[in-house]
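*Asks:* Dropping a structure here in structure tokens format, bear with me for questions.
The values are calculated or read from the model by the stated rules, or taken from the named source; none is laboratory data. This one's a predicted model, so the numbers in the text were calculated from it and none came from an experiment. Glycine also receives a Cβ, built like all others from the backbone with ideal geometry; neighbour counts cover every protein chain displayed.
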Amino acid sequence: MICFTAEEIEMPAIDQRRVSGWIRAVAAGYGFSVGELQYIFCSDERELEVNRQFLQHDYYTDVITFDYSTASTISGDIFISLDTVQSNAEEVGVEYIDELHRIIIHGALHLTGQGDKTPETKAEMTRKEEEALALLQTL
């Protein structure tokens with residue numbers, strides 16, 4: 001089950017049914033089913049609080065993924081700062097909704113085992129995000 005919630009901010013205007021189907025399709029493409037997946041949309045300050053409390057990182061970020069997956073099922077909590085999504089969209093010159101979709105699938109890709117810590121894995125993650133975003137356009 002895929003759930004979308006917002007903490008102390010307005011829920012973003014996404015088509016939850018379409019996005020859920022898209023996440024399932026992307027996961028299936030990597031050989032996974034979707035178990036319990038919780039997207040929590042929040043502010044920069046909440047994201048920073050989560051980053052400090054659970055990861056001991058003292059910086060803002062767009063997405064934090066907590067992985068509870070098993071061998072064949074992705075599950076987790078994915079915190080997304082809508083403030084950072086907005087500023088990232090403005091910085092790279094894309095529509096807010098497009099950047100939000102990119103970050104939504106970025107979290108799911110992490111749960112399938114995709115990394116982004118090195119320049120090589122970051123480039124691979126970007127390529128996989130682009131593939132997933134292209135799939136979304138067909139749904």
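*Asks:* Can you tell me which residue within segment 1-31, out of those that are within 16 Å of the chain's Cα centre (by Cα), outside any helix (DSSP H, G or I) and of a type in the set (A, V, I, L, M, F, W, C), is farthest from LEU136 (Cα to Cα)?
*Replies:* Per the stated criteria, the residue is ALA6.
*Asks:* Just to check your reading of the model, which residue among TYR39, TYR60 is of a type in the set (Phe, Trp, Tyr) and in a strand (DSSP E or B)?
*Replies:* TYR39
*Asks:* Let me ask something else. For residues in segment 42-57 being assigned to a helix (DSSP H, G or I) and buried (at least 16 other Cβ atoms within 10 Å of the Cβ), which is nearest to the chain's Cα centre (by Cα)?
*Replies:* GLU47
*Asks:* Same structure again: Out of ALA89, ALA134, I need the residue that is closer than 13 Å to VAL26 by Cβ, at pLDDT 95 or above and more than 13 Å from the chain's Cα centre (by Cα). Which one?
*Replies:* ALA134
*Asks:* Could you check segment 66-85 and list, in sequence order, the residues that are crowded, with 16+ Cβ neighbours inside 10 Å and either in contact (Cβ under 8 Å) with a residue 60 or more places away in the chain or of a type outside the set (A, V, I, L, M) (or both)?
*Replies:* PHE66, SER69, SER75, GLY76, ASP77, PHE79, SER81, LEU82, ASP83, THR84
*Asks:* Moving on. Limited to segment 97-139, what total is found for residues that are in contact with a Pro (Cβ under 9 Å, 6 or more places away or on another chain) and surrounded by fewer than 16 Cβ atoms within 10 Å (Cβ to Cβ)?
*Replies:* So the count comes out to 1.
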